[in-house]
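The values are calculated or read from the model by the stated rules, or taken from the named source; none is laboratory data. Quantities reported herein were computed from a predicted structural model and do not represent experimental measurements. Using ideal geometry, Cβ is built from the backbone for each residue, glycine included, and neighbour counts are taken over all protein chains shown. Accessible surface is based on the protein model in full, side chains and every heavy atom, while ligands, DNA and RNA are left aside. Shrake-Rupley method; radii C 1.70, N 1.55, O 1.52, S 1.80 Å.
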Amino acid sequence: MTRTATILSTLLVGIGATSAIADIPPRPENLVFAPLTFEPPKASDYRFVLKDGTPVYMAPSAEFPLVTISFTFKGGSYLDDAATTGLTGMMASLMRSGGTATLKPAELDEQLDFLATRISVAASDTSVSASMNCLKSNLDESFRLFMDIVRNPGFDQARLDVLKGEAVEGMKQRNDNADGILGREWANLLYGEDHFESRDITAMSLQEITPERMRAQHARIFHPANLIVSVSGDFDKAQMIARLENAFAGWTKGEPIPDPPAPTATMKPGVYYVQKDIPQGKVVIGMRSIKRDDPDFFPMLVLNDILGGGGFTSRIMQSVRSNEGLAYSANSRFDPNVWYPGDFRAGFQSKSPTVALAIKLIDDEFNRIRREPVSSEELATAKASFVETFPQNFSSKDSMLRLFVSDEWTKRPDGYWTTFREKINSVSPEDIQRVAQKYLDPSQMAILVVGDWTPIYEGNERASMKNFFDGNATQIPLRDPMTLVPIKNPAK
Amino acid sequence: MRLLAATAVAIAVVAPAQAQKVEAETFVLDNGMKFILVPRHDQPNTISAGWLAKVGSVNERPGITGISHFFEHMMFKGTNTIGTRDPKRDAEYREEQKLLRDEINQLTWSEQYARYFRGEIDDPWNPANDTPKLKELRAKLKASMDAQQGKAYGDELARLKAELAKEADAAKTEQIRANIERLQQEAAANTSIVKDEFDQVYTKAGGSGMNAFTSYDLTFFFITIPSNKFELWAWMESDRLNDSVFREFFSERDVVHEERRLRTESTPTGIFDEQFESMFWISSGYSWPVIGWPSDLNSYTIEEAERYWDLYYRPNNLVGFVVGDFNPSEIKPVIQSYFNRLKPGREAPPPVVTLEHKPVAEMRMNAEVEAQPSVEIRWHTVPFRHKDSYALEILASILNGRTGRLYKTMIEGTEIASNAGAQSETRKYAGAFSIGAETKGTATPAQLEAAIDAEVKRLQDELVSAQELQKVKNQNAANQYRRLQNNMFLMVQLAVAEAMGTWQEINEQAAKLDAVTAEDIQRVARTYLTKNNRAVATYVRKAASATTADAGPDDAEIAKLPPQMQAGIRDMVKRLAQEQDADKIRAALAQMDSQGESVPEPMKAAFEFMRKKMAARLEQLEKK
């Protein structure tokens, strides 16, 4: 059976040679563009509330016969204590693979795969989500299975053993990849080893992860008072509300979940390194910065774009890659955190003898942006980039709904999106210099290097690691991959 | 066990004939450049646009391996308009550098290679092994590149700045400052490059995700732009195709060397994957890496690059793509006026004539790596759109996923693998089917290989069930929709399909997959998954050198434990020897006893060893 309505219409049109080269302006700046007016969609236009108070964001579109339903819960690995690190993440995985109260794991998997329905349950540091993507034609059947997973997970012991086995193999590989070591030790330096951002599952905490503890964690996180729903795809809004009301019947609310805790440790400036025998050194340089809702957020956002966040147009990429060819990628990142100050950092990877030189070039850029106001041209480019790409935040219904959900549960101040472009445009060179001086002091930063330390320390004729912190450096021992206990290395 | 209706009878959940198709408008300019337009309005205000050069590493030959990828880098360096403030001066710099580098290459290929072949130097390209003449040439080349980039007098400036820092005398300080100022002004005046201007123009206009990739068969350049900026895209892309200059041709290789270090040399298995790939392909152009062999990367000349450009970057070998929020009747005249200016190539790209030679014996690679022990078996199969490619695709799906055969037998059943997967990869001129798995616990790559062999035999001996087959087809049908949702992703798929044959494969594939029968699957398993047709790579973990340095009296016993645990155990033994508090050990032992049952299998031996050591230490302390 074919549907003529959906059959493609391929036109092969040969266009005549009415070449109009005379019309091509000499430079791209001479082009004139039609104005693009765009007002960001308002979350309230998409927000509905179920009888029990659960917020539901809905944005239907009939382009494809698919439906996506996502549940976002507050919670995440920050709820694990040191002894049970990994519990929430593994609970999420087992919810998907461990069957339900009435369906054995293999039965559930077969049914979902046969329906071609995708369901995932995942925990991040600060949220847990369950989502489903199915064909419109089997929405009811898929949603029934989805709700069964969400409300009555089976936590099958045999599947838990499989997951634990995978976790053990995953742990074994922890020291294989230098980037993994870099990320782990950077979190340790920034937040301290006892903060949840730094903690990771170990052979010991794995033993504490049991179906009973998972059930308790599930009951704590998965309840309507802790939930925001979003739905996109090909569906009817009134029917969807009725479907959700029906599925939520008898689902009791639990206690509210506390906010993620702020770290208590402070970062100690200095040079740190982990010895690994690879031809490139991998480097991060940075420090704690500010919270997302800080008044200095906008100047920092623009600063980062000019300094190292803006790809080839940014100063660090030009200095380290374009001018010197020292690295394939070199950039900076500004990661403000919702709940406590996040970090600002620059990073790159370079062959051992030029690691110190690249650090020096980045240091020079930190100092320059503190010393001199940014040029009006650079500032204009950065602002234009934010303003012109602004509509992309809402380009697909899914990405738009994700923003609305995340804004609601992280309590983003009202009007953030409607005033976004104004706030970007009001950032001045003085603002940027002020925040650079306040938050980007190289003497307060940590430099973390993973690589072959002797040639890295020696550097080349233009720079060596002696240039930083009087040549002092602290070796961070490699950690045992299973226990994360530092290994006592032979002196290097 | 409850049987769901759907699993009792194999019913399709969606008929592929009904599947949504990509509605594209295609046309060809007079100069031979083709365009494929897909207007979609569900994602307003943005357009994804790109162009494809139907050239990849398979079109290269020894001596210029990696040049397709290097071109990808060159394409961002600008033209006589973009990327320079003085095109005439810039051309002079480039000519000067070309002559110097030609001489460096000639000397290296003759003298340095000869010294290398005699065993006098370890690397003919390493500047540390330069002859005095090469040193001099290299210094001149660097000076020219520095001047072009506004970095002239670098050494002199560094010296003056150091002097300035030490100088106390006010008059002398002033003098040095004036000198620095003068040199800096002179350096700036001689600069001809505007760094990364190409990127800046797009950034200012709201372009995002600008990038490109090179593979064995194709090179693709892409960006997302606001929907009112289509003409900017046409301006920028037709300019770089019309008037590309090979700016920074020599300095950019340092970046590519770093990219090679990053992607190939600093990853756990990168250099091994590269060797396996080059062993697997016997005769075809797939046997060298896309990024190229390092000695070739050092050797490219401008002439070679220009020849390559004239053959492969001409409009008859290019295809433009536009996907997103636009009206075709509005952008077609823009495309026409900008891209029609590209001059047609003088000759058609030469055909790829070397066919992949049929292997007559199994190949093997045994590697020691800093990674999980694993195995990969790879068989020679068929190219893109070959009639058997669809059955091979379905076969891979039968093996994959949580309800796939590999999970059921190797991950859940015998528990020898922590993950396992199959893949059918069809390239333009040849194909490969591979099955790989990583070990779990104490399993060995040999066990994984035997288990994979058994799965293959089963596919050859028995027909797959109707239920299994229909499940995979249902998923393929649903995925037909899923893969069309994102503009950029859709555009990349269209470009890849067009490079390998035709973009229409996107629309035709679903029905061809749906037509595959259980007999087809058995037939391709018997035809292609044979012993002489395969290469096997086994990876075992390299013994950790850094962690075995401090051997103690327990070393023989510790050595029997899984290698990744040995260091931790050694450390614990040391700390235990220093522990004076018997109560602490007693408490720890009690805790261990209570956990004895739940210790995962791979850790049992280590657990028992520690328990023994702790009991011994406790006894020691109690005797005191």
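Values for this structure:
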item: From B:ASN474, B:ASN479, B:ASN419, residue being within 13 Å of chain A (Cβ to nearest Cβ) and without any contact (Cβ under 8 Å) to a residue 12 or more places away in the chain; result: B:ASN479
item: Condition check for B:LEU141: within 21 Å of B:SER251 (Cα to Cα) and either open to solvent by less than 90 Å² (accessible area, probe 1.4 Å) or over 47 Å from the mean Cα position of the chain (by Cα) (or both); result: yes
item: Residues that are modelled with pLDDT under 85 and not in a helix (DSSP H, G or I), drawn from the range B:153-167; result: B:GLU167
item: Residue within the range A:394-401 that is farther than 17 Å from A:PHE38 by Cα, within 14 Å of chain B (Cβ to nearest Cβ) and at pLDDT 95 or above present; result: yes
item: Residues of the range A:427-455 satisfying the condition of being surrounded by fewer than 20 Cβ atoms within 10 Å (Cβ to Cβ) and either at pLDDT below 95 or more than 24 Å from A:TYR191 (Cα to Cα) (or both); result: A:SER428, A:PRO429, A:GLU430, A:ASP431, A:GLN433, A:ARG434, A:THR454, A:PRO455
item: Residue in the range B:229-243 that is away from chain A (no Cβ under 11 Å) and open to solvent by 30 Å² or more (accessible area, probe 1.4 Å) present; result: yes
item: Test set (1) within 14 Å of chain B (Cβ to nearest Cβ); (2) touching a Lys or Arg at 6+ places or on another chain (Cβ under 9 Å); (3) part of a loop (DSSP other than H, G, I, E, B) - A:ASP52 fails condition number; result: (1)
item: Leading residue by the ranking (most open to solvent (accessible area, probe 1.4 Å)) among those in the range A:179-210 that are touching a Phe, Trp or Tyr at 6+ places or on another chain (Cβ under 8 Å) and touching a residue at least 60 places away in the same chain (Cβ under 8 Å); result: A:GLU197
item: Candidates B:ALA361, B:ALA420, B:ALA391, filtered to the one that is open to solvent by less than 60 Å² (accessible area, probe 1.4 Å), assigned to a strand (DSSP E or B) and modelled with pLDDT of 95 or more; result: B:ALA420
item: Residue within the range A:281-292 that is open to solvent by less than 50 Å² (accessible area, probe 1.4 Å) and basic (Lys, Arg) present; result: yes
item: Condition broken by A:ALA238, with the remaining ones in (1) assigned to a helix (DSSP H, G or I); (2) outside the structural domain of A:ILE362 (by TED's automatic domain parsing); (3) open to solvent by less than 30 Å² (accessible area, probe 1.4 Å); (4) of a type in the set (A, V, I, L, M, F, W, C) satisfied; result: (3)
item: Any chance B:ALA178 is at negative phi, among the small types (Gly, Ala, Ser) and either outside any loop (DSSP other than H, G, I, E, B) or modelled with pLDDT of 90 or more (or both); result: yes
item: From the options B:ALA234, B:ALA187, residue that is at pLDDT 90 or above, among the hydrophobic types (A, V, I, L, M, F, W, C) and part of a helix (DSSP H, G or I); result: B:ALA234
item: Counted residues, the range B:144-158 - those being over 30 Å from B:GLN106 (Cβ atoms) and surrounded by 13 or more Cβ atoms within 10 Å (Cβ to Cβ); result: 2
item: Only one of A:VAL49, A:VAL121, A:VAL56, A:VAL32 that is open to solvent by 30 Å² or more (accessible area, probe 1.4 Å) and modelled with pLDDT of 95 or more; result: A:VAL49
item: Residues of the range B:492-512 classified as aliphatic (A, V, I, L, M), modelled with pLDDT under 95 and within 19 Å of B:GLU425 (Cβ to Cβ), total; result: 1
item: Pick from the range A:456-489, criterion within 14 Å of chain B (Cβ to nearest Cβ), crowded, with 17+ Cβ neighbours inside 10 Å and more than 28 Å from the chain's Cα centre (by Cα), ranking: nearest to A:ARG184 (Cα to Cα); result: A:ILE487
item: In the range B:253-303, the residues that are within 14 Å of chain A (Cβ to nearest Cβ) and in a loop (DSSP other than H, G, I, E, B); result: B:SER266, B:THR267, B:PRO268, B:THR269, B:ILE291
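Yes/no per residue for (1) assigned to a loop (DSSP other than H, G, I, E, B); (2) within 22 Å of A:LYS74 (Cβ to Cβ); (3) at pLDDT below 95; (4) more than 20 Å from the chain's Cα centre (by Cα):
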{"site": "A:GLU141", "(1), (2), (3), (4)": "no, no, no, yes"}
{"site": "A:LEU145", "(1), (2), (3), (4)": "no, no, no, yes"}
{"site": "A:LEU160", "(1), (2), (3), (4)": "no, no, no, yes"}
{"site": "A:GLU169", "(1), (2), (3), (4)": "no, no, yes, yes"}
{"site": "A:LEU182", "(1), (2), (3), (4)": "no, no, no, no"}
